[in-house]
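Note sheet for the following structure.
The values are calculated or read from the model by the stated rules, or taken from the named source; none is laboratory data. Worth saying up front: this structure is predicted, and the values here are computed from it rather than measured. Heads up, the Cβs are rebuilt from the backbone with ideal geometry, glycines too, and the neighbour counts pull from every protein chain shown. Just so you know, the surface numbers come from the protein's heavy atoms only, side chains and all, with ligands and any DNA or RNA stripped out. Shrake-Rupley method; radii C 1.70, N 1.55, O 1.52, S 1.80 Å.
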Amino acid sequence: MMEQTERRVISVIVMNEASVLSRIAGLFSGRGYNIESLTVAPIPESKYSRITIVTAGSVRVVEQITKQLHKLIPVLKVYEHADLVETEMALVKIPMSESLGDIEALTHAYNGRIVNVGSDTMIVMVADEPMRVNHFLEAIKRFHPKEIVRSGSVALER
Amino acid sequence: MQISGAQMVIEALIAEEVEVVFGYPGGAIMNVYDEIYKQRSFQHILTRHEQAAVHAAEGYAKATGKVGVAMITSGPGFTNGVTGMADAYMDSIPLVVISGQVPMSLIGTDAFQEIDAVGISRPCTKHNYLVTDAADLPRVLKEAFYIARTGRPGPVHVDIPKDVTAQIATFDYSKEVELETYKPTTKGNARQIKKAIEAIASAKRPLLYLGGGIINANAAELVREFSKMTQIPAVETFMARGTLRYDDPLLISMLGMHGSYAANMAMSETDLVIGLGARFDDRVTGKLSEFAKNAQIIHVDIDPASVSKLVHAHFPIVGDVKNVLEQMIPLAKEQIDPARYASWHNTIANFNKLHPLSYTEEGDRLKPQWVVERIGQLLGDDANISTDVGQHQMWTAQFYPFTRPRQWVSSGGLGTMGFGFPAAMGVKRADMERVSINITGDGSILMNIQELMTAVEYELPVINVILNNNFLGMVRQWQTLFYDKRHSSTDLSIQPDFVKLVEAFGGVGYRVTTKEEFDAALKDAVEKNVVAIIDVVVNRFENVLPMVPAGGSLFNMMLEYKEK
């Protein structure tokens, strides 16, 4: 019987100390779990950092991931999100020869804007749900993007 | 007080009441060794290999329940020690391993004897530290000992750059540890415990499944009380040997790959598994989908990640098994009727009669199982038993009459050849009153044979009993059974003269081929109280039976095999 694999978002609150990220990443690689994306930054005015991990696995695998994460000494809390607001960012570099007006309209639709305009290229930014970022990147293709970069997800429980 | 980092290490070891450190010096740890030279509070035992230092510390920790301490240098010293850390991690042994590191200014430059030690030890330790400031040392060392011995015990590695051991800072060693992110659950959930007791009270064929966590938690006495009171039969894992006395009528035997027929059948027939400090290892369960198929599972474990990891627990209880038993016993007294399981006892008695653990004698040829039994008859409770890894290890687990917890020290999870002898030295150091026997194979003993020098120098009279079949026996057995007898690189016909070898180190050697010679050799070695090797020539082609082939179901055991 194959267990169903689902996309999961896990938040880990850790002590803001050296090598904690490699402990987390090492736990995933050492146990053969896949990381789809990983975002980490200090939590303002605290000694903690928040790590948001997007992974995929069955209920059993995700339960094991959260338990193993929690076993790490510098880990304070592990949340496996069910109902959450999740946002990802993407930056796209587009040649100036493309239609500025069309691009502006498109990025607006995905909570974005033009963040830089140079002589040859412009850079647009969107910040939206990961699925909508996918849609945006699909739509922006017609403007011949030269480079695309996306961040990992950040997420908060509703 | 203002002292150097190296002095801090010594002060911390004294504060932790460490009585022995096993180690091996080198460039990066020399400042600490200089302080070791000056102190008289603990003994330092110089092993002849860093791997052996860590294994000896493991043996000491297993025998005493205290934190074992090993000290090694950077680079190759450290990498040699990794096997021991991995071994301790797999078997949940409390250790603190202190290693030297190149000076801070050289870290990351591929300096002489530099290696990313914390990077390497991370996946095989419970926690690790690179100390970059001597001011952090007191806190780090305090935390290291605390983390090693609390919760699910395990090895903690502290890597200290050479300049940090020279740095002067304030030493303030607090009594208490406050780790915001590390708070092991030690008491079981009362509601879950209540439900578990109700399940036991209504079960028809409950079975205690005893694991090594019981030994770590010093809970064997309570297990004995609980099983006696409830009359629930028990099987032991390899790691749990000695929890119940070998002659306890409720003890069925060891279960698993080389467990007894009765133990494995009981596990297959039970309707309620009461797992105590056991982690449902693949060597125990065999094919998971067939394991205790008709049973509900109570799983008590200090490690939440172990509960329901492999087998779904209907009654998960996270906690220290000793605390949980203390919570369970009064409820069990009220609710469990021991008379209820009479027919279950009959069923088990029949399993026992059908295929008891046994072996066949063949004329004058010495059987390895006989040797193990004989050591038990002659020394019994007076010996602590360590083993290496292989056939001899399984025969010892099957046939030695264990009477108490911590009598049995063996490498379970990692299966480390070379573990036995240094571990037996650690055991001897911990318990000088009893005889320390290392039952080993002619393959295993060569993996840390250099420790004969340590044992002789420090007067740690370990008796190594080599069950010599001139084979890597367990691999040969698998080759025989599953590789059509292609004995690829397992024939050890060419072996050293072990008698001359041990004599060269200053110990005493015996080569024995008969029962009488064995008795005489063991008696002589015990009386002389010396480091010894008893090289026992045993039947080359003996197999460890019964056996559940890897991945097979527990109830499908290979009970006998005749070499053609």
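A few points about this structure:
- Rg/Rh (Cα only; Kirkwood hydrodynamic radius) as it applies to the stretch B:368-537: 0.95
- Sequence ranges B:132-143, B:229-240, ranked by mean other-Cβ count within 10 angstrom, highest first: B:229-240, B:132-143
- In the stretch A:65-101, the residues that give up 20 Å² or more of accessible area when the other protein chains are added, compared with the chain on its own (1.4 Å probe), are A:Lys67, A:Lys71, A:Ile73, A:Leu76.
- Label point distance in nm, B:Arg540-B:His487, each placed 7 Å from Cα along Cα→Cβ: 0.5
- Per-bin percent of Cα-Cα distances, the protein assembly as shown [10 Å]: 3, 13, 21, 22, 19, 12, 6, 3, 1, 0, 0
- Based on DSSP H segments of at least four residues, each scored -39500 (n - 2.57), chain A has a per-residue ellipticity at 222 nm of -8500 deg cm²/dmol.
- Distance between the modelled labels on B:Leu179 and B:Arg40, one decimal in nanometres: 3.6 nm (7 Å Cα→Cβ projection).
- Label zone of B:Lys515 (point 7 Å out along Cα→Cβ, amide N under 11 Å): in the stretch B:367-402 this covers B:367, B:370-371, B:374.
- Lys, Arg +1 and Asp, Glu -1 on Cβ, resulting dipole of the stretch B:368-537 about Cα centre, debye, nearest 20: 400
- Label-to-label distance, B:Asp248 versus A:Val149, with points set 7 angstrom from Cα along the beta-carbon direction: 6.3 nm.
- Vicinal HN-Hα couplings computed from phi for the stretch A:60-66 (Karplus, 6.51 cos²θ - 1.76 cosθ + 1.60; Hz; Gly/Pro x): 5, 5, 5, 4, 5, 4, 5
- Relative to the globular-protein estimate of 2.2 N^0.38 Å, the Cα radius of gyration of chain B stands at 0.99.
- Accessible carbon and sulfur surface of the stretch B:476-556 relative to its total accessible area, %, 1.4 Å: 54
- Ligands, DNA and RNA are left out, and with a 1.4 angstrom probe the accessible area of the stretch B:368-537 is 35 Å² per residue.
- For the stretch A:1-104, the solvent-accessible area of protein heavy atoms averages 51 Å² per residue (probe radius 1.4 Å; ligands and nucleic acids excluded).
- Simple Cβ-charge dipole of the stretch B:2-170, Lys/Arg +1 and Asp/Glu -1, about Cα centre, in debye nearest 20: 400
- Greater than 28 Å apart at Cα, pairs in A:Lys77/B:Lys175; B:Lys228/B:Lys515; B:Lys62/B:Lys333; A:Lys71/B:Lys142; B:Lys142/B:Lys162; B:Lys228/B:Lys353: B:Lys228/B:Lys515; B:Lys62/B:Lys333
- Toward the positive end of the charge dipole of the stretch A:1-75, with +1 on the Cβ of Lys and Arg and -1 on the Cβ of Asp and Glu, the farthest Cα among A:Val62, A:Thr52, A:Val75 is that of A:Val75.
- Accessible surface calculations at 1.4 Å, restricted to protein heavy atoms, place the stretch B:184-291 at 33 Å² per residue.
- Within the stretch B:2-170, all pairs of alpha-carbon atoms sorted by distance into 10 Å bins from zero give the percentages 12, 45, 37, 6, 0.
- 19 Å cut-off, amide nitrogen to a point 7 angstrom out along B:Asn294 Cα→Cβ, residues in the stretch B:321-351: B:340-351
- Dipole of the protein assembly as shown, positive direction: furthest Cα of B:Gly5, B:Leu446, B:Ser289, with charges on the beta-carbon: B:Ser289
- Relative contact order (%) - criterion: Cα under 8 Å, at least six apart; region: the stretch B:190-354: 29
- Note on the protein assembly as shown: antiparallel DSSP beta bridges, both residues inside, total approximately 45 percent of the bridges counted.
- Reduced Cα scattering model of the stretch B:202-269, Debye log10 I(q)/I(0), q = 0.18, 0.20 Å⁻¹: -0.61, -0.75
- With the alpha-carbon atoms of the stretch A:58-112 aligned to their principal axes, the span from lowest to highest coordinate is 53, 23, 20 Å, starting with the largest.
- Scaling the Cα radius of gyration of the stretch B:422-485 by the globular reference 2.2 N^0.38 Å produces a ratio of 1.40.
- Charged-residue dipole, Cβ positions (Lys, Arg, Asp, Glu), chain B about Cα centre, Debye nearest 20: 1580
- Helical contribution to [θ] at 222 nm, DSSP H n ≥ 4, -39,500 (n - 2.57), averaged over chain B, rounded to 500: -11000 deg cm²/dmol
- As a calculated quantity, the FRET efficiency between B:Ile3 and B:Val456 at R0 = 41 Å, using C-beta atoms, amounts to about 0.70.
- Three semi-axes describe the equivalent ellipsoid of the stretch B:211-357; taken as square roots of 5 times the Cα gyration tensor eigenvalues and ordered largest first, they are 21, 19, 15 Å.
- Other residues lying with their Cβ under 11 Å from the Cβ of B:Gln43 contribute a combined charge of +1, Lys and Arg counting +1, Asp and Glu -1.
- Under the Karplus curve 6.51 cos²θ - 1.76 cosθ + 1.60, θ = phi - 60°, whole-Hz ³J(HN,Hα) for the stretch B:461-473, x wherever Gly or Pro sits: x, 7, 9, 8, 9, 8, 7, 8, 10, 6, 8, 7, x
- A simple rule links phi to the HN-Hα coupling: the Karplus curve 6.51 cos²θ - 1.76 cosθ + 1.60 with θ = phi - 60°, which for the stretch B:251-266 gives 7, 7, 2, 7, 10, x, 3, 10, x, 6, 4, 5, 5, 5, 5, 4 Hz, with x for Gly and Pro.
- Among residues other than B:Asp382 with Cβ under 12 Å from its Cβ, the summed charge is -1 (Lys and Arg +1, Asp and Glu -1).
- Size of the A/B contact, given as accessible area buried on both chains, probe 1.4 Å, in Å²: 1400
- Distance between the stretch A:44-81 and the stretch B:152-172 - C-alpha centres, whole angstrom: 28
- Peptide B:119-127 - average C-beta neighbours from other chains (10 Å radius): 3
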